[in-house]
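Working notes, beginning with the structure itself.
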Amino acid sequence: MIKQFKDSPKLQQLKYLHPNANVIILIFAIIMLWRGFWGLLDTYLFPGSPTFSYLICISLGAVILYLDDFKIDNLKR
């Protein structure tokens, strides 16, 4: 059902006719996704020790970026 909606010609036409609205919707989607992950990390990753939780998150993020050679070229089109 979602694939049918995603591939519908009407949606493609709306994206083409209103690119700025499409960007705003994408920005909101990214913020909501980020907020959800942040909330889950606050709830489940060392909930009694926020400082330790932040340090673990920073460390894991740095390791992931290091393993990917700090490249975000994959996100470019």
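Only the coordinates and a few stated rules stand behind these numbers; no lab work does. Every value quoted in this text rests on a predicted model; they were computed, and no experiment measured them.
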- [ ] With θ set to phi - 60°, apply the Karplus curve 6.51 cos²θ - 1.76 cosθ + 1.60 along the range 38-46 and write out the HN-Hα couplings as whole Hz, x wherever there is a Gly or Pro.
- [x] 4, x, 5, 5, 4, 7, 10, 9, 6
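Note the direction-averaged projected area, equal to a quarter of the hull surface, for the Cα convex hull of the chain, in nm².
If I average the Cα hull's projected area over directions, I get 7.6 nm².
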- [ ] Let me know the number of lysine pairs in the chain closer than 27 Å at the Cα, not counting same-chain pairs under 8 apart.
- [x] 6
Open item on the list: With θ taken as phi - 60° and the coefficients 6.51, -1.76 and 1.60, list the Karplus ³J(HN,Hα) couplings across the range 22-29 in order, rounded to whole Hz; mark glycine and proline as x.
Closed with: 4, 5, 4, 5, 5, 4, 4, 5
